[in-house]
């Protein structure tokens, strides 16, 4: 039987040892190495090319999400299974965007952990049912938003072919974007780039509370309901996204 080679990355030594003891009981799983931080995890992944990496998110220095992004570049065949205490939408979407193949909580039952490792190793996504439902709902909402944008675009094209545009309605017209301050424009670029409030705060070296206030002002000035609508509005007017530097 070919065993699944696992790398455990977590900054708590006791947790790493506990996970090792649990996985030693599985005949088809072998722990080949342990990492105490994200940088060590990336280095070991590049050297050993394990089948599955159990990755903690909150680690000193290079955190789990950043390490996952780097691992997908240096060892793309390795699957990442995020192991964390966080159970909320924001982390689910970040995990998926980073390239992880699964997400389990640290209080997971040992048998479920082994199942998650096997599932991810086979190339399938592993998420707890409530989280999977949230993900599907979000993707469904985004798909619907894209369809609405396409429908609106088609309607606008039909209108514009019948009614000539004035100079004020030219394609280069920024529209409501002209209401934004320089800082608000920077934050909008970060939103277009897919950054969360926390990531925007790190990028612009401001507090997360300040980011939230600016986002609220942006939505109010653009007369929009949420960040997705703001991103779509900005993209259609040529705003370039600002991505988080890894």
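Here are a few things to note about the model shown:
- Relative contact order %, region 5-104, counting alpha carbon pairs below 8 Å whose residues are six or more apart: 26
- Each residue of region 171-246 gets 78 Å³ once the volume of the Cα convex hull is shared out per residue.
- Spatial separation of Cα centroids for region 199-246 and region 1-63, in angstrom: 36
- Computed Rg/Rh of region 4-131, alpha carbon atoms with Kirkwood Rh: 0.91
- In terms of surrounding Cβ atoms within a 10 Å radius of their Cβ, 73, 221 rank from fewest to most as 73, 221.
- Least to most buried among 28, 37 (fewest other Cβ within 10 Å first): 28, 37
- Arranged from fewest to most other beta-carbon atoms within 10 Å of their beta carbon, 79, 94, 209 become 209, 94, 79.
- In terms of its Cα atoms, region 32-91 spans 32, 21, 20 Å along the principal axes, sorted from long to short.
Each reported figure results from applying straightforward, stated rules to the coordinates on display, with no laboratory input. Everything quoted here is computed from the prediction, not taken from an experiment. Note that we place each Cβ from the backbone using ideal geometry, even for glycine, and neighbour counts take in every protein chain shown.
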